[in-house]
Amino acid sequence: MIKFINQSKFTKIPDAIFFDIDNTLYSYEPSHAAALNAVKDKVVSTFSISPENFDKAFKSARKEVKERLKLTASSHSRLLYFQRMLEIMGLGSQVLVALDLEQTYWRTFLSKSVLFDNVKELLDDVRLLGIPMAVITDLTTQIQFRKIIYFGLDNYFDFIVTSEEAGFDKPNPAPFEMAMKKISPKGKCIWMIGDNAVNDIYGAKLAIEAITLQKVNSSSDIGSEENTPDLAFSEFNEIRKLIAVLGH
């Protein structure tokens, strides 16, 4: 599926392309579910905690951390989630256990993560056209770097901007403005490819007047009103075809 909302904006190849990572280049939810289950199994077997009590404590811990840290990279920290979860369970901070749970989570997460079809092929096409590329992503720098390396994408992107580096999560303008400063595009035609109608689409429009391409998944809908993308697509092969047409 490819749906042009503002087809008039797609008349030439872009001067730069910015990509989100999570749920844009791969499916986040299956990886997260498997990772959290691995942590649950470890906690249940180690501390004789019921699965129901784990779920309740984790949900409360995550909510507390997010409410306290709001739109910052550390609000996504699994280490903080697990530390607070153990405290809610009455076990104290358990520093060594919290670190082990974080490692278990991300090790499992990465092992279950698979790039969407045609992601690398699209990136190859873009590189051959000499279009600079950057990643703009929420979450802490270390794990996002690990994801990029795990997927074998570290040689594709010219620059990476994480919300930890920028100081704010999307849709705050800071990450987008930092990416623009780093990449210094030759022109003003910037594409932003992301799945989230607010964080990626609205954020990029507001901050840098980007042309926006929304990756639509089974769990997401095409943005509307101020969050409306210029184009919506479900398969990266459709963007490869678009790039090929514009590049000739």
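Quick notes on this one:
- Within region 209-218, one or more residues are out of contact with any helix residue (DSSP H, G or I) (no Cβ under 6 Å at 6 or more places or on another chain), of a type in the set (A, V, I, L, M) and within 20 Å of Y26 (Cα to Cα).
- Y156 being among the hydroxyl-bearing types (S, T, Y) and under 20 Å from R240 (Cβ atoms): yes
- Scanning region 83-97 for residues that are at negative phi and either surrounded by 19 or more Cβ atoms within 10 Å (Cβ to Cβ) or in a loop (DSSP other than H, G, I, E, B) (or both) yields Q83, R84, M85, L86, M89, L91, S93.
- Filtered residues of region 44-78 (kept if part of a loop (DSSP other than H, G, I, E, B) and either surrounded by 15 or more Cβ atoms within 10 Å (Cβ to Cβ) or not hydroxyl-bearing (S, T, Y) (or both)): I49, K70, L71, T72, S77
- Test: residue in region 169-191 that is modelled with pLDDT of 95 or more, assigned to a loop (DSSP other than H, G, I, E, B) and closer than 17 Å to K3 by Cα: no
- All positions within region 205-248 that are small (G, A, S), more than 24 Å from M178 (Cα to Cα) and touching a strand residue (DSSP E or B) at 6+ places or on another chain (Cβ under 9 Å): S220, G223, A232, S234
A quick yes/no check of all residues on (1) closer than 20 Å to V245 by Cβ; (2) part of a loop (DSSP other than H, G, I, E, B); (3) in the same structural domain as K170 (by TED's automatic domain parsing); (4) not aromatic (F, W, Y):
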| position | (1), (2), (3), (4) |
| --- | --- |
| R127 | yes, no, yes, yes |
| I131 | yes, yes, yes, yes |
| I148 | no, no, yes, yes |
| G152 | no, yes, yes, yes |
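- Flag for K181 being among the basic types (K, R) and either buried (at least 22 other Cβ atoms within 10 Å of the Cβ) or within 18 Å of the chain's Cα centre (by Cα) (or both): no
- When region 207-234 is filtered for residues that are in contact with a Phe, Trp or Tyr (Cβ under 8 Å, 6 or more places away or on another chain) and either more than 21 Å from S163 (Cβ to Cβ) or part of a helix (DSSP H, G or I) (or both), the ones remaining, listed by number, are A207, I208, I211, V216, E226, N227, D230, L231.
- Look at (1) assigned by TED's automatic domain parsing to the domain that holds W191; (2) part of a helix (DSSP H, G or I) and you find that D100 fails only one, number (1).
- For region 133-151, the condition of being over 18 Å from K215 (Cα atoms), buried (at least 18 other Cβ atoms within 10 Å of the Cβ) and in contact with a Pro (Cβ under 9 Å, 6 or more places away or on another chain) holds for none of the residues.
- Verdict on D22 being assigned by TED's automatic domain parsing to the domain that holds N217, under 24 Å from E164 (Cβ atoms), modelled with pLDDT of 95 or more and within 24 Å of the chain's Cα centre (by Cα): yes
- Checking D41, D15 one by one, the residue that is touching a residue at least 40 places away in the same chain (Cβ under 8 Å) and surrounded by 13 or more Cβ atoms within 10 Å (Cβ to Cβ) is D15 and no other.
The values are calculated or read from the model by the stated rules, or taken from the named source; none is laboratory data. Here the structure is a predicted model, which is why all the values come from computation and not from measurement. Please note: Cβ atoms are built from the backbone with ideal geometry, for glycine as well, and neighbour counts cover all protein chains shown.
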